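The values are calculated or read from the model by the stated rules, or taken from the named source; none is laboratory data. Worth saying up front: this structure is predicted, and the values here are computed from it rather than measured. Cβ atoms come from the backbone with ideal geometry, glycine included; neighbour counts cover every protein chain shown. Side chains are part of the model used for accessible areas, which takes the heavy atoms of the whole protein and leaves out ligands, DNA and RNA. Shrake-Rupley method; radii C 1.70, N 1.55, O 1.52, S 1.80 Å.
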Amino acid sequence: MGRERRNWTWFSKRRGRRLDCVAVESILEEIHPLPLQFYNTATRKIEVFKPAESGRVKMYHCGPTVYRRPHVGNYRAFLFADLLRRVLERRGLRVTQVMNLTDVGHFTQEDEDHGEDRMEMEARNRGLDPWQVAREITNMFEGDMKRLRAKPPEHRPRASDHIAEMLEIIELLLKRGAAYRSGPENANIYYEVSRFENYGGLSGNRVDALEAGARIDINPEKKHPADFALWKSDSKHIMKWKSRFGEHGFPGWHIECSAMARKYLGDTLDIHTGGEDLIFPHHECEIAQSEAATGKPFVNYWMHVKFLQVDGGKMSKSLGNVYSVDDVVARGFEPRHLRFLLQRAHYRTPLNFTWDSMRDAKGAIERLDAFVVDLKTLRPAAAAAVAVDEMLQKTRAAFDAALDDDMNAAEATAAVFGLLNNVRTAGGASLKLTKEQIELILAFLGEFDAIFDVLTPEELAPEERAEIDRLVAERQTARQNRDFARSDEIRTKLAARRVVVEDTKEGVRWRRV
Ligand code: AMP
Ligand code: ZN
């Protein structure tokens, strides 16, 4: 994965050329190649990442539609955004992140003529008003993101707060002839895809092929079946706004992201992300709207996250496997275990969520926890027995190279576990490290954690404290009975929870490190 473009000799060929600015830049890149490379959905290639403004990155992520609690699949997409931000920051870049909240105009089907507004549908089913639903789900989403340790983006705008910005783009599109009015009283507005030359550039869909595949009962208001709504009028729609097009209008789904991206990041963004399902039509439509309105490129790098599967297939209500963060916690996992499961797989590879995979992620974190406990409680050796410096250098290089290579989190985390194994096995039966070596390893684990953020354990719940008390007491009994195998077993269990046991004058105590 991610080796498609690795040919730096191309730059060398430029050596003999006159030293104009471009050539100087190329030679500099040859000496210090810009490290980060991403797969760009738009070009279908791995490309060296170069922000438009040196040192700054403007990034937009399609956020949740706040009609039902986001599930583990959504969090694969959202936590990828967090990982990306942290990797960019590790590279010294200043990141401005926007993740929107969709609370209007997102239909249950891609084809909005036959679908139903998700917010309204949920509100009606629950006998609430859509604003209540939006508020409740937004709170849940924000709580989940916090528990999953996603850094809050600089902006988390709500679609319904940006109707004026959407109307501004719609007016521009009408003025430029990229959109047309249609339907009763000309109150519906559609984007005319055939007027946008690059329509289909992102997804590979072609306007003529879309026509051939269109449903028979197409909306007669549209000039072309692939045209999409920018603004709709419907007096029965609960969430509606007054505009010059009529009393009761509301936006189409795609326009919100063009409007909010423009407001918070300007006309051209460095990176735009979302799940792979959004490539078409959503992102294709965003490009068409934004570029036709501003005349500038909308996004330089498009990055899409492969869909998470559950139990080998699509999540569905009927299968009862649309899992939320709470469902995961109810099964005895911490949110950081889920974070690790979702982030450590390369974002473009398939990932199948099962309870076994959760146990596996938890086990991996427990190995890290136990390693940290050992490092923090080890009596330092006087002399070095292992060449830790060299190990750390290699691990850090492998860690960075993997992340630079299209965010290969699988390889980056494998490098860290490689270090753990090497340190554990290099010293023979027991760890033998100097104070300085221990500090160096802990410092590197800190660097790892600045990206993956899984090392700090969650606060213990009262029942977990009781369980630890019980284990500690059992360990004492085992020791009194000289059953050292059992007492070691319990020690390992406790270490995996970052718990160390100490003998004090007042008796046996435990604490977390
Ligand atoms: P929605 O709330 O449906 O608008 O989706 C919010 C985000 O989650 C979008 O970027 C989707 O592409 C993404 N998403 C939805 N389902 C999955 C999944 N199973 N795996 C990965 N991303 C998903
Ligand atoms: Zn969007």
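A few comments on the model shown:
- By DSSP, the beta bridges lying fully in the stretch 32-305 are antiparallel in about 50 percent of cases.
- Overall form of the chain per C-alpha gyration tensor (a/c, 1.5; a/b vs b/c): oblate
- Span from the the stretch 275-339 Cα centroid across to the the stretch 407-453 one, whole angstrom: 32 Å
- For the chain, the 222 nm mean residue ellipticity estimated from helices alone, with every DSSP H stretch of n ≥ 4 adding -39500 (n - 2.57) and the total spread over all residues, rounds to -14000 deg cm²/dmol.
- Nonlocal amide H pairs with L269, under 5 Å, H built at 1.01 Å: V299, N300
- Average Cα contact separation per residue, the stretch 462-512, under 8 Å, 6 or more apart, as relative contact order %: 25 percent
- Nearest-ten-degree value, helix 21-31 long axis tilted from longest Cα axis of the chain: 30 degrees
- Of all DSSP beta bridges confined to the chain, the antiparallel ones make up roughly 50%.
- Rounded percent of accessible protein surface that carbon and sulfur make up, the stretch 335-452, 1.4 Å probe: 53 percent
- Shape call, the stretch 32-305: gyration tensor on alpha carbons, a/c limit 1.5: oblate
- For the stretch 466-494 versus the stretch 73-115, the gap between their alpha-carbon centres in whole angstrom: 46 Å
- Of the trypsin sites (Lys or Arg not before Pro) found in the stretch 443-513, those that fall in a DSSP loop while having at most 13 other beta-carbon atoms within 10 Å are R482, K505.
- Cα gyration tensor shape for the stretch 335-452, rounded if a/c is under 1.5, else prolate or oblate: prolate
- GluC sites (Glu not before Pro), loop per DSSP, at most 15 other Cβ atoms within 10 Å - longest free stretch of the chain: 198-457
- Carbon/sulfur fraction of accessible area - the stretch 32-305, other protein chains in place, 1.4 Å, %: 48 percent
- Loop-resident trypsin sites (Lys or Arg not before Pro) (DSSP state other than H, G, I, E or B) in the stretch 236-278 with no more than 10 further Cβ atoms inside 10 Å of their Cβ: K236, R244.
- Estimated dipole of the chain in Debye, rounded to 20 [Cβ of Lys and Arg +1, of Asp and Glu -1, Cα centre]: 1400 debye
- Partners for K222 among aspartates and glutamates (Cα-Cα distance below 16 Å; same-chain residues under 8 apart left out): E110, D111, E112, D113, E185, E192, D208, E211
- Compared with the dominant Cα axis of the chain, that is its longest principal axis, helix 130-147 is turned about 30°.
- Percent RCO, i.e. relative contact order, over the stretch 32-305, from Cα pairs under 8 Å lying at least 6 residues apart: 23 percent
- Amide hydrogen neighbours beyond the local backbone of M407, cut-off 5 Å, H modeled: Q37
- Accessible area (Å², per residue) of the chain, counting only protein heavy atoms and a probe of 1.4 Å: 47 Å²
- To the nearest ten degrees, helix 388-404 and the longest principal axis of the Cα atoms of the chain are 10 degrees apart.
- Pairs from K232/K263; K50/K435; K151/K376; K146/K240; K151/K435; K306/K362 whose Cα-Cα separation, in the structure shown, is over 29 Å: K50/K435; K146/K240; K151/K435
- Sequence-distant residues sharing a close amide H with W241 (under 5 Å, placed H): G249, F250
- Take every pair of alpha-carbon atoms less than 8 Å apart whose residues are at least six positions apart; their mean separation over the length of the stretch 311-442 yields a relative contact order of 27 percent.
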